[in-house]
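One structure is given here, and the rest of the page talks about it.
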Amino acid sequence: MSLLTTRPKISELTFGLYGRSVHPELFQIYSTRRIERDRFTAQIDVTSSGHLVMFKTDQRVFTEVATSAHQELPQRRRLLATRINDQFQDRIECEGGVVYEYQYHLERLSPETFSHLQQAFTGSPVVDGLLHQFQTSGRVGMAAFSYMYIDTRVNSFRVQAVHTFPDDYAVLKTQSLYRLSAKRDA
């Protein structure tokens, strides 16, 4: 399997969820953050083409992938696979009492608006998340970036991502929420 090391074209973006872990060796990972709570752990990875989010409870493991359609991915225990086109939202009730809600929005901007967005994100301090700025592709004078905002509660975990694609003046925004059923005392 091959690693993707550059941003894909926006027409090649996919979004998926697996009911298992996905080997991080399949991706070029640039930044990582690990979260540990009483009822779950999570790992958030910024990759060259998007992100990986692994959410693990005592009973189950789920991995969200935003990447290129050319990225080789496993087929086993794939719960969701969709080509990213404009915007979409849905909800999946998973095994182990986990509800997964997700949405994405792909937006094409004018060069001026895109430049303002890039400056706003790259000039801001990172709080509760990850920010990675990539090297410029050379075609456009701006470098892509990925920003991942993380919010955790006792029974939930939310990740908002913003990935820019300067060659296309495009922005992919995703939001995922993992909710656990309320814990019952025995």
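The values are calculated or read from the model by the stated rules, or taken from the named source; none is laboratory data. Please read all numbers here as calculations on a predicted model, not as lab measurements. Counting neighbours? That spans all protein chains shown, and the Cβs are built from the backbone with ideal geometry, glycine included.
Restricting attention to region 2-19, the residues that are modelled with pLDDT of 90 or more and either among the basic types (Lys, Arg) or assigned to a loop (DSSP other than H, G, I, E, B) (or both) total 1.
Residues in region 24-58 that are under 17 Å from Gln75 (Cα atoms), over 12 Å from the mean Cα position of the chain (by Cα) and in contact (Cβ under 8 Å) with a residue 12 or more places away in the chain: Pro24, Leu26, Phe27. Phe55 meets each of the listed conditions (1) modelled with pLDDT of 90 or more; (2) farther than 23 Å from Thr164 by Cβ; (3) surrounded by fewer than 20 Cβ atoms within 10 Å (Cβ to Cβ); (4) of a type in the set (A, V, I, L, M, F, W, C) apart from (3). Taken over region 146-168, the criterion of being in contact with a helix residue (DSSP H, G or I) (Cβ under 6 Å, 6 or more places away or on another chain) and free of Cβ contacts under 8 Å to residues at least 40 places away in the same chain is satisfied by Tyr147 alone. Scoring Ser49 on the criteria (1) outside any strand (DSSP E or B); (2) modelled with pLDDT of 95 or more; (3) of a type in the set (Ser, Thr, Tyr) leaves a single failure, condition (2).
Take region 81-93 and flag every residue that is touching a residue at least 12 places away in the same chain (Cβ under 8 Å) and surrounded by fewer than 16 Cβ atoms within 10 Å (Cβ to Cβ). The answer is Ala81, Thr82, Arg83, Asn85, Asp86, Gln87, Phe88, Gln89, Asp90, Ile92.
Residues checked against (1) touching a helix residue (DSSP H, G or I) at 6+ places or on another chain (Cβ under 6 Å); (2) at positive phi; (3) not in a loop (DSSP other than H, G, I, E, B):
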position: Glu25; (1), (2), (3): no, no, yes
position: Arg39; (1), (2), (3): no, no, no
position: Val53; (1), (2), (3): no, no, yes
position: Gln59; (1), (2), (3): yes, no, no
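Criterion first (crowded, with 17+ Cβ neighbours inside 10 Å, of a type in the set (Val, Ile, Thr) and either under 19 Å from Ser49 (Cβ atoms) or within 17 Å of the chain's Cα centre (by Cα) (or both)) does Thr164 satisfy it? When the stated conditions are applied, Thr164 passes them.
You will find that of Ser110, Ser49, Ser11, Ser68, the residue that is small (Gly, Ala, Ser), exposed (fewer than 15 other Cβ atoms within 10 Å of the Cβ) and in contact with a helix residue (DSSP H, G or I) (Cβ under 9 Å, 6 or more places away or on another chain) is Ser11 and no other.
Scanning region 8-23 for residues that are under 13 Å from the mean Cα position of the chain (by Cα) and farther than 15 Å from Gln71 by Cβ turns up nothing.
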